[in-house]
Structure formats: structure tokens, C-alpha cells
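Comments concern the structure below.
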Amino acid sequence: MNTSLPLNAIIQGNCIEVLKTLPEQSVDLIFADPPYNLQLQNELLRPNQTVVDGVDDAWDQFADFAEYDRFTEQWLAGCRRVLKDNGTIWVIGSYHNIFRVGKLMMDLGYWILNDVIWHKTNPMPNFRGTRFQNATETMIWARKSSDQKKYTFHYQAMKHFNDDKQMQNVWHIPLCTGAERMKVNGKKAHSTQKPEALLYRVILASSNPGDMVLDPFFGSGTTGAVAKKLQRNYIGIEIAPAYVALARERIATIPPTLFSDAELVTRSKRTAPRISFGQLIESQYIAVGQQVFSKDRQITATVTADSHLIWHDQRGSIHRIAAIVQNRSACNGWEYWYYEDSDGNLVSIDDLRARYRREHQVTP
């Protein structure tokens, strides 16, 4: 077994065997787009009787469900071995396979965080008209185990993507078409090439610059292409030599990026260094006896020397008093309270805390 990890490499071979050669707990993030086991029984025809270019590749064909399940269990076990204890895995599939994959993931000890639905905004029609149009695929996002405490999730970045609203688990992204779709002799180079927009969101959400991203079914190299653009490292495993050559050529054309860490990552407030309300008082960012307000100015409290607030006959932390005035069990006081600046404008005390961090150069 190799003890070193290849860096930004595409390895040609069977992923089950190649995974055995990689060091244990060596990758931060895995994205897997395994065979879907579509098993089309007949040609699929359009209304004009032309043949739909579906998935009929040899790599997607299995003798039966038992063979597919054995294959799936083996590669998932190999991925779990090389995944770091704080890493996560994404697996994408259609209704043909994703439920079998999910069951096996749970059997192996993975702990599912989300199912994320990729809604294709330009899906292929159901030409036979005998079922609903298939406009979605499912991604399972899972951590390595149920007792895993830490994993990367850039919540704030995903919120920014969604107009500063919490990102939902339904992603509206079109199929890979046009100039992005790789072709050879005028035909699709890969039957299931995923759009870069999909991988962009996955990699941005669940990895950091410099992390190692593994794709055991590398195909045309979308994972590696996006990883390179976002300054992550990658390892791709691909069984078909033609796809390996295609992916290498594709990634080689991408110029190196030199973004700063700040440009690549929006840190969650949870990862920021802890600053207490008392530190703002002792550093005179806010004064003893000063009043703080709710956003609508309906509630007013007074700051004490020991960093509590007084509201009527109640005394407590910024969080406790914010909860009491709203008749709630808990509340984030940093987001509830505001102070009045010299121009009479209300400013969040959370913004005051951010200013303290900047001016005192308090960094993670």
C-alpha cells in the first residue's frame, strides 16, 4: 500500500482496487457519481421515431441487483476507509439506484446529513408519456459516522448563494449543455457529464481551500475542474482510459487561480474567535449605563458594568433578556440588540463585535 497521497492526479483503474492503495483517513471530501444501473430494456424513441442517446455504456451494466449491491458496498467501504474522521461524502443517483445506495451507506456506518434534490431546470421529456417527467436526481450528503462531531459546512456561503436566506435542499440547476458539454466527433463525450454549477456548490459548501477532494468515478473530470478553480486538491479514479485522457486535457486548460482565503471562504460566525459582551464594555466600545434597543425600538434595556442588561425588574445576559422580552426559551442576543450611533442610527451589537475583531486583529 502506498503511504503517500497523489496530488491532483487521475488514476486509471477499478476504483475498488485503487482505493485500497490510498492511505487511510487521507481525504477531506468525496463526491461520487457511481453507475446508476439504468438497465434500459429497449431503445428509447422520440415522437419522431429518432433514438434517444441514453445511457447504455458497459460500465453501467450489472447482471442483477445483488451484483450491483456488492459493487456498491465495496466502493463505499473503500471510501469510508480513506475519508478523514471529520470528512463528508456526497453520492448522487437517480431513482434507479439511490435508495439502494442509501441503505448500504447506513449499513456501513455513514450518518446521513441531508438528501439534496437536484432539480434539472431543462430535463429530458418522458417521450412515452407513461410516467411523470424525471426532472430530479438525489444527492446523499453524509458524515463518516453518527458520533462524528466536526465536519466542514460553509453555511454562510450557502446563505449568500440564496439571497441571504437559508439554503434549502432543493437546488435548481440546468443540465450540462452547450459549450460546457464535452463532445468527441460531434457526440457527447460522456453520457452523464454533470454541470460544473452542481459541483461548485458541493465543493464550496463542504470543503476548504487546500483540502483533498476524491472522486472515485471521475468520468470527464468535472470534480477536478471545479476543485482546481476553487483551489482544492483532487484525486480522480477512472476505469476508462478514454475518459482519463479527456479529463486530463480538460483540466490542463484551466489556468491556475490565485484567490485569497477571504475570497474563497466566508467563515461562519460559529468559527469566529469568541468575543464576550464584557470585552466590548471594558474596551469602551459600549458604555456602562448605555441603552440598547430591539430593532423596532419597542424594547429598551440598560447596560451594566458586569455586562448584564437591565429590563424593568429583570437582569441577565444579552441572550437571557432578549429571550425574556420575547417570551421565548432562548435567543441570540447578538442578533437581537442594537445600539444608537452618534447619528441616531441603530446598529447591531453583532456589527460592533465584528468591528472589535477587525480593530484588534482577532482572527481564527
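The values are calculated or read from the model by the stated rules, or taken from the named source; none is laboratory data. Keep in mind it's a predicted model, so treat the numbers as computed, not measured. Cβ sites come from the backbone with ideal geometry, for glycine too, and all protein chains shown count toward neighbours.
Only one of these is modelled with pLDDT under 95 and over 27 Å from Asp164 (Cα atoms): Ser268, Ser276, Ser283, Ser317. Name it. Steps first, answer last, please.
Values: Ser268 fails: over 27 Å from Asp164 (Cα atoms); Ser276 fails: over 27 Å from Asp164 (Cα atoms); Ser317 fails: modelled with pLDDT under 95.
Step by step, each of Ser268, Ser276, Ser283, Ser317 is checked, and only Ser283 is modelled with pLDDT under 95 and over 27 Å from Asp164 (Cα atoms).
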Does at least one position in segment 18-40 carry a residue that is at pLDDT below 90, aromatic (Phe, Trp, Tyr) and over 30 Å from Ala205 (Cα atoms)? no
Tally the residues that are under 35 Å from the mean Cα position of the chain (by Cα) and under 17 Å from Asp296 (Cα atoms), restricting the search to segment 319-345. 11
Looking at segment 247-267, which of the residues that are among the hydroxyl-bearing types (Ser, Thr, Tyr) and within 21 Å of the chain's Cα centre (by Cα) is nearest to Leu19 (Cα to Cα)? Thr257
Go through Val244, Val213, Val226 for me and flag whichever is more than 23 Å from the chain's Cα centre (by Cα), surrounded by 17 or more Cβ atoms within 10 Å (Cβ to Cβ) and at pLDDT 95 or above. Val244
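Let's see how each residue does on (1) acidic (Asp, Glu); (2) buried (at least 17 other Cβ atoms within 10 Å of the Cβ); (3) on the phi > 0 side of the Ramachandran plot:
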{"position": "Pro125", "(1), (2), (3)": "no, no, no"}
{"position": "Thr130", "(1), (2), (3)": "no, no, no"}
{"position": "Asn134", "(1), (2), (3)": "no, no, no"}
{"position": "Asp164", "(1), (2), (3)": "yes, no, yes"}
{"position": "Asn169", "(1), (2), (3)": "no, no, no"}
{"position": "Cys176", "(1), (2), (3)": "no, yes, no"}
{"position": "Glu180", "(1), (2), (3)": "yes, no, no"}
{"position": "Val184", "(1), (2), (3)": "no, no, no"}
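Residue-by-condition table, conditions (1) in contact with a Leu (Cβ under 9 Å, 6 or more places away or on another chain); (2) in contact (Cβ under 8 Å) with a residue 40 or more places away in the chain:
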site: Pro273; (1), (2): no, yes
site: Gly278; (1), (2): no, no
site: Ile286; (1), (2): yes, yes
site: Arg297; (1), (2): yes, yes
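Listed here are the residues, each with its yes/no results for (1) closer than 25 Å to Asn345 by Cβ; (2) assigned to a helix (DSSP H, G or I); (3) not aliphatic (A, V, I, L, M).
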{"site": "Lys228", "(1), (2), (3)": "no, yes, yes"}
{"site": "Ile235", "(1), (2), (3)": "no, no, no"}
{"site": "Tyr243", "(1), (2), (3)": "no, yes, yes"}
{"site": "Gln284", "(1), (2), (3)": "yes, no, yes"}
{"site": "Lys295", "(1), (2), (3)": "yes, no, yes"}
{"site": "Gln298", "(1), (2), (3)": "yes, no, yes"}
Taking strands (runs of 3 or more DSSP E) that fall entirely within segment 111-179, which contain at least 2 residues that are in contact (Cβ under 8 Å) with a residue 60 or more places away in the chain? 136-143
Going by the conditions given, is Asn114 touching a Phe, Trp or Tyr at 6+ places or on another chain (Cβ under 7 Å) and surrounded by fewer than 17 Cβ atoms within 10 Å (Cβ to Cβ)? yes
Among the residues of segment 67-110, how many are closer than 27 Å to Pro195 by Cβ and assigned to a loop (DSSP other than H, G, I, E, B)? 5
Considering segment 273-282 alone, what residues qualify as being buried (at least 16 other Cβ atoms within 10 Å of the Cβ) and not in a helix (DSSP H, G or I)? Ile275
How about segment 334-348: which of its residues are over 14 Å from Arg274 (Cα atoms) and of a type outside the set (Asp, Glu)? Tyr336, Trp337, Tyr338, Tyr339, Ser342, Gly344, Asn345, Leu346, Val347, Ser348
